[in-house]
Amino acid sequence: MFMGHYTHSLDDKGRVAIPSEFRGVGENEISKWVVTQGFDKCLLLRTESEWEKFVNKVKSLPYSHKKNRLIMRRTIAPARVVSSDKQGRILIPQNLREYAEIDKEVILAGVNTIIEIWSK
């Protein structure tokens with residue numbers, strides 16, 4: 001479970017460090033993440049396993065309902081798998097930085113199984 005708020009800066013390449021409290025430790029360290037658009041001008045960051053759970057729930061929703069299509073288009077379509085480097089940084093794709101209006105500083109907020117990434 002993720003909780004807490006952390007402020008970090010993006011480097012010139014658009015990378016941000018995931019707080020060590022969110023990454024885990026040792027062999028349990030998380031190296032692959034999925035980042036996508038949120039609903040309130042933030043980004044959502046999930047572990048690969050949590051992403052799979054989310055996608056499985058969304059897949060069970062009827063595509064014929066407008067709200068369901070919106071969820072799929074808003075979250076699944078722009079999603080990207082990102083890997084953390086040795087310093088625990090991930091690259092936030094340019095299109096997602098633009099969506100969330102992220103320039104230099106971000107707030108990473110742990111919200112249960114999701115990390116929200118907000119422009120400071």
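The values are calculated or read from the model by the stated rules, or taken from the named source; none is laboratory data. Owing to the predicted nature of the structure, the values given are computational and were not obtained by experimental measurement. The accessibility values were calculated without ligands, DNA or RNA, using every heavy atom of the protein model including side chains. Shrake-Rupley method; radii C 1.70, N 1.55, O 1.52, S 1.80 Å.
Worth pointing out:
- For region 32-120, relative contact order (Cα pairs under 8 Å, six or more residues apart, normalised by length) works out to 37 percent.
- Accessible surface of the chain [probe 1.4 Å, protein heavy atoms]: carbon and sulfur percent: 51 percent
- Across Ser64, Ser49, Ser119, the residue with the most accessible area heads the list, and the full order at a 1.4 Å probe is Ser64, Ser49, Ser119.
- For the set Val81, Val35, Val55, solvent exposure ranked by accessible area (probe 1.4 Å, protein chains only) runs largest to smallest as Val81, Val55, Val35.
- Flagged links, alpha-carbon separation over 28 Å, of Lys59/Lys120; Lys32/Lys59; Lys13/Lys67; Lys32/Lys104; Lys57/Lys86; Lys32/Lys66: Lys59/Lys120; Lys13/Lys67; Lys57/Lys86; Lys32/Lys66
- Altogether, the Stokes-Einstein calculation at 10 °C and 1.306 mPa s, with the Kirkwood radius of the chain over Cα pairs as Rh, returns a diffusion coefficient of 108 µm²/s.
- An oblate overall shape is assigned to region 1-62, the ratio a/c of its alpha-carbon gyration tensor axes (a ≥ b ≥ c) being 1.5 or greater and a/b not exceeding b/c.
- In the chain, helical runs assigned H by DSSP with n ≥ 4 each contribute -39500 (n - 2.57); averaged across all residues and rounded to the nearest 500, the mean residue ellipticity at 222 nm is -6000 deg cm²/dmol.
- Per residue accessible area of the chain, 1.4 Å probe, in Å²: 61 Å²
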